[in-house]
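Enquirer: Got a structure for you, written out below as structure tokens; questions coming shortly.
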Amino acid sequence: MMLEQKVKITSHQKIAPQVFLMAYASPQMAAQARPGQFVHLKPSGPGPLLLRRPFSINRVKGSNLFIMYRVVGRGTSLISSLPKGTEMDVLGPLGKGFEISRKYSEHVILAGGMGLAPMQFLADRLKAMKLESRIFYGCAGKKEMLPCPAPGKIIATDDGSCGYKGFVTDAFLTCIDKFKKPVVYACGPWPMLKRTAMICRQHNIDCQVSLEAFMACGVGACQGCVVKGVKEYVTVCRQGPVFDSREIDWEQEFGL
Ligand SMILES: Cc1cc2nc3c(=O)[nH]c(=O)nc-3n(C[C@H](O)[C@H](O)[C@H](O)COP(=O)(O)OP(=O)(O)OC[C@H]3O[C@@H](n4cnc5c(N)ncnc54)[C@H](O)[C@@H]3O)c2cc1C
Ligand code: FES
């Protein structure tokens, strides 16, 4: 059930250049949240931010929900200046998260750049369910790398400054045959998601992708976030943000 609440920031810190980790307390949202879901937030009261901004739930610890975000424009810049104790208006948890099934023998997480944001929560949940998971994390270079505490993770950097030199999808491809019955969960930029979907299609691997789209309402009312599915247009906020990669018309929508 979606909640609308006034919550208080319980911690807020810079963790990498332009990247912040924020937590707020909400026992009800914490109890309901599923990996892959997101929240739609803005500071409380009248202010310069009219529209809410969508952020994946990065982690849940006790009654705290964590958000890991990059400052890209006006909204995230304003949010980054909010001190601990600030009241925010939050709608959530929203959307459809990752579907976790025990029918797979390995759970493979592919994260590109800020696409790491929802994956810590997913990895925590898989661990709690005693399911075997492996994270592949790709970023531009060592300087852009985000903290990713998963043991055994495989790092890929575009410039080769750390780990595998190349895209995270290629790092995955080099060891794809080692997995017996995997499922892939991916989040990152569109070209990375499309490449992941193509690789999984060719190897007959089930794949779930977390999509990003511009959002106004966040609840399926404005049609602002539609993307082309294979059968019909789908709303990322309500029918997603997580989709089976076979549901998306990658060629028509993105032509990449
Ligand atoms: C489901 C979902 C989960 C997300 N999770 C994260 C996350 O965990 N961490 C993170 O760093 N970013 C995440 N994003 C992207 C984040 O919402 C945008 O970076 C942010 O809204 C930009 O706002 P801004 O005001 O700083 O930028 P501006 O460019 O000034 O924004 C102007 C308008 O465009 C919208 N907008 C801009 N960029 C995006 C975008 N990429 N997606 C959706 N709306 C956008 C804003 O809501 C606003 O209405 C997520 C997006 C979606 C859709
Ligand atoms: S943001 Fe309004 S329908 Fe998705």
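The values are calculated or read from the model by the stated rules, or taken from the named source; none is laboratory data. Quantities reported herein were computed from a predicted structural model and do not represent experimental measurements. Backbone-built Cβ (ideal geometry, glycine too); neighbour counts: all protein chains shown. For accessibility, only protein heavy atoms count, side chains too; no ligands or nucleic acids. Shrake-Rupley method; radii C 1.70, N 1.55, O 1.52, S 1.80 Å.
Enquirer: Which residues, taken from region 171-181, are surrounded by fewer than 19 Cβ atoms within 10 Å (Cβ to Cβ) and assigned to a loop (DSSP other than H, G, I, E, B)? Full working, then the answer.
Expert: Kept after step one, since they are surrounded by fewer than 19 Cβ atoms within 10 Å (Cβ to Cβ), are these residues of region 171-181: 173-178, 180-181.
Matches in region 171-181: 175, 180, 181.
Enquirer: Would you check if residue 50 is part of a loop (DSSP other than H, G, I, E, B), more than 18 Å from residue 240 (Cα to Cα) and free of Cβ contacts under 8 Å to residues at least 24 places away in the same chain? Walk me through it before giving the result.
Expert: Values: part of a loop (DSSP other than H, G, I, E, B): yes; more than 18 Å from residue 240 (Cα to Cα): yes; free of Cβ contacts under 8 Å to residues at least 24 places away in the same chain: yes.
Here the answer is yes, as residue 50 does meet what is asked.
Enquirer: Still on this model: I want to confirm something. Restricting to region 43-64 and keeping residues that are within 18 Å of residue 119 (Cα to Cα) and of a type in the set (Lys, Arg), which single residue is nearest to ligand 2 (Cβ to nearest atom)?
Expert: Looking at the filtered set, the residue picked out is 59.
Enquirer: Any idea how many residues of region 19-47 are closer than 24 Å to residue 123 by Cα and assigned to a loop (DSSP other than H, G, I, E, B)?
Expert: Adding up the residues that qualify gives 6.
Enquirer: Separate question: Among the residues of region 53-64, count how many are touching a helix residue (DSSP H, G or I) at 6+ places or on another chain (Cβ under 9 Å) and open to solvent by 30 Å² or more (accessible area, probe 1.4 Å).
Expert: Count: 8.
Enquirer: The conditions are (1) touching a Phe, Trp or Tyr at 6+ places or on another chain (Cβ under 8 Å); (2) closer than 17 Å to residue 7 by Cα; (3) surrounded by fewer than 19 Cβ atoms within 10 Å (Cβ to Cβ), and residue 67 fails exactly one of them. Which is it?
Expert: If we test residue 67 against (1) touching a Phe, Trp or Tyr at 6+ places or on another chain (Cβ under 8 Å); (2) closer than 17 Å to residue 7 by Cα; (3) surrounded by fewer than 19 Cβ atoms within 10 Å (Cβ to Cβ), just (3) comes out false.
Enquirer: Within region 43-52, can one find any residue that is modelled with pLDDT of 95 or more, open to solvent by 20 Å² or more (accessible area, probe 1.4 Å) and either more than 16 Å from the chain's Cα centre (by Cα) or under 19 Å from residue 211 (Cβ atoms) (or both)? Show your work before the answer.
Expert: Taking region 43-52 as the starting set, the residues that turn out to be modelled with pLDDT of 95 or more are none.
The answer is no; no qualifying residue exists.
Residues are listed down the side, and each one gets a yes or a no for (1) more than 22 Å from residue 235 (Cα to Cα); (2) over 11 Å from the mean Cα position of the chain (by Cα):
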{"site": "57", "(1), (2)": "no, no"}
{"site": "79", "(1), (2)": "yes, yes"}
{"site": "96", "(1), (2)": "no, yes"}
{"site": "114", "(1), (2)": "no, no"}
{"site": "121", "(1), (2)": "yes, no"}
{"site": "127", "(1), (2)": "yes, yes"}
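Enquirer: Can you tell me how many residues within region 70-86 are surrounded by 15 or more Cβ atoms within 10 Å (Cβ to Cβ), away from ligand 2 (no atom under 16 Å from the Cβ), not hydrophobic (A, V, I, L, M, F, W, C) and not in a loop (DSSP other than H, G, I, E, B)? Write out each step before concluding.
Expert: Taking region 70-86 and keeping what is surrounded by 15 or more Cβ atoms within 10 Å (Cβ to Cβ), we get 70-71, 75-76, 78-80, 82, 86.
Among the residues that remain, those that are also away from ligand 2 (no atom under 16 Å from the Cβ) are: 70-71, 76, 78-80, 82, 86.
This time we only want the ones that are not hydrophobic (A, V, I, L, M, F, W, C), so: 70, 76, 80, 86.
Subsequent filtering for residues that are not in a loop (DSSP other than H, G, I, E, B) retains 70, 76, 80.
The number of residues fulfilling the criteria is 3.
Enquirer: Name the residue that is farthest from ligand 2 (Cβ to nearest atom), counting only residues in region 202-250 that are among the acidic types (Asp, Glu) and closer than 21 Å to residue 184 by Cα.
Expert: As a first pass, look at region 202-250 and keep what is among the acidic types (Asp, Glu): 206, 212, 232, 244, 247, 249.
Subsequent filtering for residues that are closer than 21 Å to residue 184 by Cα retains 206, 212, 244, 247, 249.
On the way: 206: 25, 212: 12, 244: 19, 247: 16, 249: 18 Å.
The residue in question is 206.
Enquirer: Tell me whether region 26-41 contains one or more residues that are open to solvent by less than 60 Å² (accessible area, probe 1.4 Å), within 11 Å of ligand 1 (Cβ to nearest atom), of a type in the set (Val, Ile, Thr) and touching a strand residue (DSSP E or B) at 6+ places or on another chain (Cβ under 7 Å). Spell out how you get there, then give the answer.
Expert: Our first condition is that a residue be open to solvent by less than 60 Å² (accessible area, probe 1.4 Å); within region 26-41, this holds for 26, 29-30, 32-33, 35-41.
Among the residues that remain, those that are also within 11 Å of ligand 1 (Cβ to nearest atom) are: 36-41.
With of a type in the set (Val, Ile, Thr) added as a condition, the list becomes 39.
Keeping just the survivors that are touching a strand residue (DSSP E or B) at 6+ places or on another chain (Cβ under 7 Å) gives 39.
Yes, because at least one residue in region 26-41 is open to solvent by less than 60 Å² (accessible area, probe 1.4 Å), within 11 Å of ligand 1 (Cβ to nearest atom), of a type in the set (Val, Ile, Thr) and touching a strand residue (DSSP E or B) at 6+ places or on another chain (Cβ under 7 Å).
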